[in-house]
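Input: a single structure, listed below in structure tokens.
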Amino acid sequence: MVILTSRTVEALEDVRQQIEGAGGAAEVRACDVGDGDALTTLIEEVASTHGRLDIMVNNAGITRDGLILRMSDQDFDEVIRVNLRSAFVACRAAARPMMRSRFGRIVNIGSVTGLMGNAGQANYAAAKAGLVGLTKSIAKELGSKGITANLIAPGFVDTDMTVNLAQQLKDEAAKMIPTRRFGTAEEIAHAVSFVASDLASYVTGQVIVVDGGLAM
């Protein structure tokens, strides 16, 4: 069973149908992951209802871009709340049922921005860099309990977050990438699938960069 979480059920209805069309089972739960209490309750309910929690992928992310001289405290705090604090809350809530099962796969979705920095994204870069430290710390704390924690760091990917970028900006960005193109969501999903699988049972605390060579 795959549990999908978004602020609205409608946002993930298509994904649910794709999973079920492929022979899987899925349900969508509405939750603002920036609300720590609501997120904790959701994870506890899922673990209780289904008896266990095997894999958790933290993929929530927002941007509030702006140069640091013009970035408000609110814009900084909001990105930290959604992009970093929510992952901490989710990992803390998931740790208990995973420890009971002595099995778990935690996958945090970071960004090469957290490794390289990026002008105009001090808040986003700080949150994604924080995910690296969070992931490594969790890996050290929970490794003896059969739980792994890894971070996938995508580069430029064709998603809803990049679809509205000006074509000229996309073209300039592609020139910086050795593969000369943006990645696809499917290519990121393959990396997630690997670290969530038994093939990666001895892989933990790692940052796996999927960026076409951008951060080399």
Item to check | Sole residue being in contact (Cβ under 8 Å) with a residue 12 or more places away in the chain and over 30 Å from GLY120 (Cβ atoms), chosen from LEU53, LEU39 | outcome: LEU53
Checklist entry - Scanning for something farther than 25 Å from MET216 by Cα, of a type in the set (Asp, Glu) and in contact with a Lys or Arg (Cβ under 7 Å, 6 or more places away or on another chain), does the range 61-78 turn up at least one residue? => result yes
Item to check | Any pair with Cβ under 6 angstrom, 6 or more apart, that starts in the range 139-166 at a residue that is more than 16 Å from ALA185 (Cβ to Cβ) and part of a helix (DSSP H, G or I) and ends at one that is modelled with pLDDT of 90 or more and of a type outside the set (Lys, Arg) | outcome: ALA139/ALA149; ALA139/THR204; ALA139/GLY205; GLY143/THR204; LYS145/MET99
Checklist entry - Scanning the range 192-216 for residues that are among the small types (Gly, Ala, Ser) and under 19 Å from LEU134 (Cα atoms), which turns out surrounded by the fewest Cβ atoms within 10 Å (Cβ to Cβ)? => result GLY205
Item to check | Residue list for the range 167-203, filter: touching a helix residue (DSSP H, G or I) at 6+ places or on another chain (Cβ under 8 Å) and within 25 Å of ALA139 (Cα to Cα) | outcome: PHE194, ALA200, VAL203
Checklist outcome for this item: Of the residues in the range 177-199, those that are over 18 Å from MET161 (Cβ atoms), without any contact (Cβ under 8 Å) to a residue 60 or more places away in the chain and not polar (S, T, N, Q) come to PRO178, ARG180, HIS190, PHE194, ASP198, LEU199
Next on the checklist: Residues that are of a type outside the set (Ser, Thr, Tyr), out of contact with any Pro (no Cβ under 9 Å at 6 or more places or on another chain) and closer than 18 Å to VAL192 by Cα: list the strands (runs of 3 or more DSSP E) wholly contained in the range 1-88 that include at least 2 such residues.
Outcome noted: 2-6, 55-58
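The values are calculated or read from the model by the stated rules, or taken from the named source; none is laboratory data. Not measured: the values here are computed from a predicted model. Don't worry about glycine lacking a Cβ; one is built from the backbone with ideal geometry, like all the others, and counts go over all protein chains shown.
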